[in-house]
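Let me begin by presenting the structure, written as structure tokens, before commenting on it.
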Amino acid sequence: MKIHKSSASLQKALLPFLEDCKSIGFVPTMGALHKGHISLVEQACQENECVVVSIFVNPTQFNNSNDLDKYPRTLEGDVALLKKVSGNIFVFFPNAAELYKENIVSKKYNFEGIENEMEGKHRAGHFDGVGTVLDLLFRTVKPNRAYFGEKDFQQLQIVKKLVEIEKLPVEIIGSPIIRENSGLAMSSRNKRLNKQELEEAALIYKTLSEVKGKFKTSTISELNKMVETEFISNSLLELEYFEIAAVNTLKTASTKNKNTSYRAFIAAFIGGVRLIDNIALN
Ligand code: AMP
């Protein structure tokens, strides 16, 4: 499996597929791959004639340099996992100067307000960085379809807006969250947790499941209180936010509207590591 470090090398390898009008699937990642990523790659391989997996820890989407420095980087292990997937897979592993053409800054985007909710509120400039890097990647890879996990649900909605704004001819496909047996959403950041932290972090999904179970019969304010109490009584986990939001706007909901779909979202710290998760409520 060849690892393409430059756009020119990747594009040369993809040329025969473009010329024969064969479909290109694309799975953008930051590496430290796990079964969540691999499920996206498998789906992409089933639905396309070739698949590009990019591995790039994008500096412009991090507002915390410590988080960027400590982000796990495991290229060899990543390639070993990808080799086990059957399909025509190309790995794209650019460095920042190559991808950004020496201009490593974010464009400013207006994603109709979605960028100002939840992750956007707590990670200033995050979605400008996400939009900028995906725009660059989409223009390099020219995929027919690109695959994103619902684990980063807000990001998935942002990407749908991005391709509208930039008029990019790519279909955006969202895929379900892959979890550990404990329910903990798989994440590259889980690699930074010790055994006890991994066990305790399961509270995030346990709480989201409880919220889902009680959503029909409880008010949103009751659910907010319940979640706060659960987290206060855990000494390792620190809740950054819990929100119930309408799926389309991602605006915080304080009351329930009959014809609206809602999801519940959590961001929490454990051992200095920030984890996020979400669940569909209705
Ligand atoms: P990342 O490497 O964290 O940027 O993630 C790359 C892609 O994998 C994104 O579309 C994520 O939403 C997706 N992803 C990460 N973790 C999971 C998971 N546990 N289940 C499904 N998709 C995931």
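Each value in this text was obtained by applying a stated rule to the coordinates, not by laboratory testing. Just so we're clear, the structure is a prediction, and the values are computed from it rather than from any experiment. Cβ coordinates were reconstructed from backbone atoms using ideal geometry, including for glycine residues, and neighbour counts include every protein chain displayed.
Quick rundown of the values:
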{"item": "Column: log10 I(q)/I(0), Debye, Cα scatterers of segment 1-143, q = 0.14 Å⁻¹", "result": "-0.70"}
{"item": "Filtered GluC sites (Glu not before Pro), segment 228-269: DSSP coil and at most 16 other beta carbons within 10 Å", "result": "none"}
{"item": "Rg to Rh quotient for segment 140-212, alpha carbon positions, Kirkwood Rh", "result": "1.11"}
{"item": "Cα-based Rg / Dmax (Å) for segment 170-260", "result": "15.1, 45"}
{"item": "Loop trypsin sites (Lys or Arg not before Pro), segment 1-91, which have at most 14 other Cβ atoms in a 10 Å radius of their Cβ (DSSP)", "result": "K2, K5, K22, R73, K84"}
{"item": "Furthest towards positive pole of dipole, G113, A280, F265, structure part the chain, Cβ charges", "result": "A280"}
{"item": "Amide H within-cut-off set for S175, under 5 Å, with H built and near neighbours excluded", "result": "F148, G149, E150"}
{"item": "Segment 63-166: GluC sites (Glu not before Pro) in DSSP loop, at most 12 other beta carbons within 10 Å", "result": "E102"}
{"item": "Globularity ratio of the chain, using Cα Rg and 2.2 N^0.38 Å", "result": "1.02"}
{"item": "Sites D69 and S6 - FRET efficiency at Förster radius 22 Å, r taken between beta-carbons, to 0.05", "result": "0.35"}
{"item": "Around I232: net Lys/Arg minus Asp/Glu count, Cβ-Cβ under 11 Å", "result": "-2"}
{"item": "Degrees separating the helix 153-165 axis from the principal Cα axis of the chain, which is the longest one", "result": "50 degrees"}
{"item": "Other-chain or far-sequence residues with amide H under 5 Å of V52's (modelled H)", "result": "G25, F26, V27, F90"}
{"item": "Cα convex hull of segment 104-181 - mean projected area over all directions, nm²", "result": "5.9 nm²"}
{"item": "Segment 87-235 - Rg (one decimal) and Dmax (whole number), Cα, Å", "result": "18.6, 54"}
